1. Where does each of LEU161, LEU179 land when they are ranked from fewest to most other beta-carbon atoms within 10 angstrom?
2. Test of understanding: what is the full-extension gain from GLU5 to ARG155, defined as 0.36 nm times their sequence separation minus their Cα-Cα distance?
3. Counting only pairs 8 or more residues apart or on different chains, how many lysine pairs in the chain have their Cα atoms under 25 Å apart?
4. Rounded to the nearest 5, what is the percent of antiparallel bridges among the DSSP beta bridges in the range 3-246?
5. Quote the convex hull volume per residue of the range 89-178, based on C-alpha atoms, as a whole number of Å³.
6. Specify which residue in the list GLY133, GLY62, MET210 is farthest towards the positive end of the charge dipole of the chain, using unit charges on the beta carbon of Lys, Arg (+1) and Asp, Glu (-1), about the Cα centre.
7. Between ASP69 and GLN124, what is the label-to-label distance in nm when each label sits 7 Å out along the Cα-to-Cβ direction?
8. What is the fewest-to-most order of TRP149, TRP86 by other Cβ atoms lying within 10 Å of their Cβ?
Amino acid sequence: MSRIEQIGAATLYLGNCLEVMATLEPVDHIIGDPPYEASLHAAKNSLRGRKHRNDGVAELRGLDFDPIDEIREPFVRLAGAKCRGWFIAFCTAEGVARWADAINASPMKYKRACVWVKPDGTPQLNGQGPAQGAENFVCAWAGNGHASWNAGGKRGVYTHLVNNPERHGEHPTEKPRRLMSEIVADFTKPGDVILDPFMGSGTTGVAAVMAGRRFVGIEMNERYFDIACKRIEDAQRQGDMFAEVAA
Ligand SMILES: C[S@@+](CC[C@H](N)C(=O)[O-])C[C@H]1O[C@@H](n2cnc3c(N)ncnc32)[C@H](O)[C@@H]1O
């Protein structure tokens, strides 16, 4: 790993998560947004540079990182060794069974595939069939005893706009901050340590520090790492300001 930044309750590593995770102490939860399956990478990259927006928001960009397929099993093995609570990983519908198989071969217990509904997802530009209107995230329990969360009998359906007012806009697969905040609120408790091994531009970290969780983030692309540092620092500073005003 080439850089470590400590920003308030967040520790951020620039490096490959397979190498960095091996050096870490166990964490309470892993909430990760890994690269997609190779098929979706190919589909997204075929749209690279095609203008499809009329609202001034950035055009579709290709993905500048490798698909998850090659590293899924070693990553899940490491996650099983380092996680004491929830393991959550975003994926395509096609990827759910692959994640479930990898999780079931580890000490973690596969629980559910939840859905992120995207009411403003990209339309099917060639008109040859339905567009993708949702993504999934798989949940597994890595702790002792029964799994527990904060949301009672709530269904695992999360609806958030991709193009929301808080969108930072630099990362090609940025998650909505409010989606990540809802997940953090449902699955974790104040003071817990959350690891995002595929941090990108740091949205999980922003949601974590805003909710009073501790955060460990890993990202191998220095440009996205720098954006994550800045966004998490801003979130931390705003939180400190509100605490001062409230005091
Ligand atoms: C789907 S994106 C995460 C986007 C993030 N949720 C956000 O809101 O910005 C996945 C990220 O994982 C990074 N990545 C891919 N393989 C990695 C690895 N082995 N170790 C660390 N980071 C990796 C990519 O550079 C990419 O930024």
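Derivation of every value follows stated rules applied to the coordinates shown; laboratory data play no part. Keep in mind it's a predicted model, so treat the numbers as computed, not measured. A quick note on method: Cβ atoms are made from the backbone with ideal geometry, for glycine too, and the neighbour counts reach across all protein chains shown.
1. Least to most surrounded, the residues fall as LEU161, LEU179.
2. The span from GLU5 to ARG155 would gain 50.3 nm if fully extended.
3. Taking the chain as the scope, the lysine pair count is 20.
4. Of the beta bridges lying entirely in the range 3-246, close to 50 percent run antiparallel.
5. 135 Å³
6. GLY133
7. 2.3 nm
8. Values: TRP149 16, TRP86 25.
Final ranking by Cβ density, sparse to dense: TRP149, TRP86.
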